[in-house]
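The values are calculated or read from the model by the stated rules, or taken from the named source; none is laboratory data. What you see is a predicted model; the values in this text were computed from it and never measured. Counting neighbours? That spans all protein chains shown, and the Cβs are built from the backbone with ideal geometry, glycine included. Heavy atoms of the whole protein, side chains included, go into the accessibility calculation; ligands, DNA and RNA do not. Shrake-Rupley method; radii C 1.70, N 1.55, O 1.52, S 1.80 Å.
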Amino acid sequence: MHSDHALLNVLIVDDEMEACTNLKHMLREYVDKEINIVGIANNTREAEAQIISFSPEAVFLDIEMPNENAFHFLSRVSPFNFEVIFVTAYDEYAIRAFKLNAVDYILKPISITELTEAVQKLKEKIRYKHILSENAVSYTEISNQVNNKAKSQRITLKDNNSIEVVEFRDIFFVEAQGSYVRILFLKGNETREIILSGSLTDYEELMPSDLFYRIHKSYLINCIHVKKILKDEYSQVVIRDVFTLPISRRRFAPLLQYLKNNDYYHE
C-alpha cells in the first residue's frame, strides 16, 4: 500500500543544469521533504536510461531540449508508467501538454505556490492509481481508467494569474478571439471567464464530443446548456437563457440533428 507519507520518487529532466539544481532545491526545501530525487538528466537520452534504472513515479520534464523535445520523447517511450509535470519557459505548449494528460504545466520562473499545487495534484493522482492497483487490475487498465476519468469529467484551465479545474459539464461555451480563446464556465454559483492561448480547433479536440458542438467558426458550445434555437433572419442559439450566439448556415441543420439525436433539445 502507498502511504501518504511514503517517499515520492521523481526524476528531473532539463538541459540546463542550473534549472535542475534550482528545481531540486525548491522541491526539497519548500514543497515536500518526502520527495526523493532519484536522478537528474540533461537530455532525453540520459532521461531514458534513468527511467529504466530508477522507475520514477513522476518526471519533471522541460519541453525544449537539444536533439529531441519532450513531446517526441514521450511519444517514443510510450507507453510509460510515470506521471509527467512539464516545466518550461514557453506557454504555447499548454494545449499539447493537456492533450497528453499531464498532471500539470509549470512556467518558468517557477512559482513555489504553483509547484506546491502541482505536487499535490501529482500525489493525488498517484494515490488514486495505487488504490486501483490494490484491486488487482493491470497498470494499463489503471492508466486507462485514470486518463478516461480525467478526460471525461474535468479540464485544468490555466492563465498567467490563476488555475481553474473545471468540470466539462460546467463549461458554457468557448469563443475564438484571434490566437486566443475565451472560455465561460460556472464556478460555484458564479459565471466566470478565462482567456487562454490556442485556437478553437485545439479546444474542440480537447472537449468531449458527446457534450460539445462547433456551431460557428468562432463558437464551440456545451449542448447541455442549450435552452432555445432562434430562427429569424440569422439562426442563433440561446445558452442558459443568458448568452445568444450565432449559428453558421452550414452548421444549422447538422446542429439540430445532433441535438435531437443526443436528446439535448426538441423543438
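For the reader, a short list of remarks on this structure follows.
- For the range 77-101, a residue qualifies if it is assigned to a loop (DSSP other than H, G, I, E, B), at pLDDT 85 or above and aliphatic (A, V, I, L, M), and exactly one does: Ala89.
- Selection within the range 10-52: residues that are in contact with a Gly (Cβ under 8 Å, 6 or more places away or on another chain) and either open to solvent by less than 30 Å² (accessible area, probe 1.4 Å) or touching a residue at least 60 places away in the same chain (Cβ under 8 Å) (or both). The member of this set that is nearest to Asn67 (Cα to Cα) is Ile12.
- Restricting the first member to the range 105-118 and to residues that are without any contact (Cβ under 8 Å) to a residue 40 or more places away in the chain and in a helix (DSSP H, G or I), and the second to residues that are surrounded by 16 or more Cβ atoms within 10 Å (Cβ to Cβ) and of a type outside the set (Lys, Arg), the beta-carbon pairs closer than 8 Å and six or more apart or on different chains are Ala118/Ile85; Ala118/Val103; Ala118/Asp104; Ala118/Ile106.
- Filter result (assigned to a strand (DSSP E or B), surrounded by 14 or more Cβ atoms within 10 Å (Cβ to Cβ) and without any contact (Cβ under 8 Å) to a residue 24 or more places away in the chain) within the range 186-211: Leu186
- Given (1) assigned to a loop (DSSP other than H, G, I, E, B); (2) without any contact (Cβ under 8 Å) to a residue 12 or more places away in the chain; (3) farther than 20 Å from Arg96 by Cα, number of the condition Pro254 does not satisfy: (1)
- Residue pairs meeting the criteria (Cβ under 8 Å; at least 6 apart or on separate chains; first closer than 12 Å to Thr191 by Cβ, in the range 236-251; second assigned to a helix (DSSP H, G or I)): Ile239/His225; Arg240/His225
- Restricting the first member to the range 155-175 and to residues that are touching a residue at least 40 places away in the same chain (Cβ under 8 Å) and part of a strand (DSSP E or B), and the second to residues that are open to solvent by 40 Å² or more (accessible area, probe 1.4 Å) and among the aliphatic types (A, V, I, L, M), the beta-carbon pairs closer than 6 Å and six or more apart or on different chains are Thr156/Val165.
- The range 215-228, residues that are open to solvent by 10 Å² or more (accessible area, probe 1.4 Å) and within 20 Å of the chain's Cα centre (by Cα): none
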